[in-house]
Amino acid sequence: MISRVRVTEEHHIALARQVVRQMAEEIGFSSRDTCMIVTSVSELASNLYFHATGGGSLLFRRIDGDGAPGIEVVSDDDGPGIADVDLAMRDGYSTSGGLGSGLPGVSRLMDEFRITSRLGSGTRVWGMKWKSGRT
Ligand SMILES: Nc1ncnc2c1ncn2[C@@H]1O[C@H](COP(=O)(O)OP(=O)(O)O)[C@@H](O)[C@H]1O
Ligand SMILES: [Mg+2]
């Protein structure tokens, strides 16, 4: 199970939410976990639209490990990148008058989280959520 959503226009944020919600429900996540996954994707999609010049893409994939299944979320863009990732991960930090709670929120809502960014070449955010709280 794999889906890709390109985010170049504002309405693609809602589309990304819809697509990941359906996948999370198919995997059998609780409504609470589904809500966390959808919220994370919403934040990543809005960052692609508002911060990554030219947008970017989201990938959702079901992962079947030894135990419970999980969902992998990857956000990829060729935008301007983030000068200071540690700073961008701080609650309340925003370069555009936003709430600045998107990235730190995603890192709390997902079970695993990684972000890499290169100034001038883009940003990649990786998140993983396991069914039934497995970490
Ligand atoms: N995909 C991205 N490309 C470039 N910069 C980004 C990207 N995602 C986040 N950022 C930077 O990280 C900051 C923090 O992101 P976030 O926590 O989502 O807050 P907000 O979107 O409200 O500004 C943003 O203000 C922006 O400078
Ligand atoms: Mg944001």
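Before moving on, here are some points about what is shown:
- Computed from Cα atoms, the angle from the helix 11-27 axis to the main principal axis of the chain rounds to 20 degrees.
- Cβ-based net charge around Val19, under 13 Å, with every Lys or Arg adding one and every Asp or Glu removing one: +4
- Taking every alpha-carbon pair within segment 17-94, the share separated by more than 22 Å comes to 33 percent.
- Cα-based Kirkwood hydrodynamic radius, the chain, one decimal, Å: 14.7 Å
- Over the chain: helical MRE at 222 nm, DSSP H runs n ≥ 4 each giving -39500 (n - 2.57), nearest 500: -11500 deg cm²/dmol
- Selection among Ala16, Pro104, Ser46 by position relative to the dipole of segment 2-133 gives Ala16 as farthest towards the positive end (Cβ unit charges, Cα centre).
- In terms of other Cβ atoms within 10 Å, Thr34, Thr53, Thr123 run from fewest to most in the order Thr53, Thr34, Thr123.
Every number here is computed from the coordinates shown, using simple stated rules; none is lab data. This is a predicted model, so every value here is computed, not measured. As a convention, Cβ positions derive from the backbone with ideal geometry for all residues, glycine included, and neighbour counts pool all protein chains shown.
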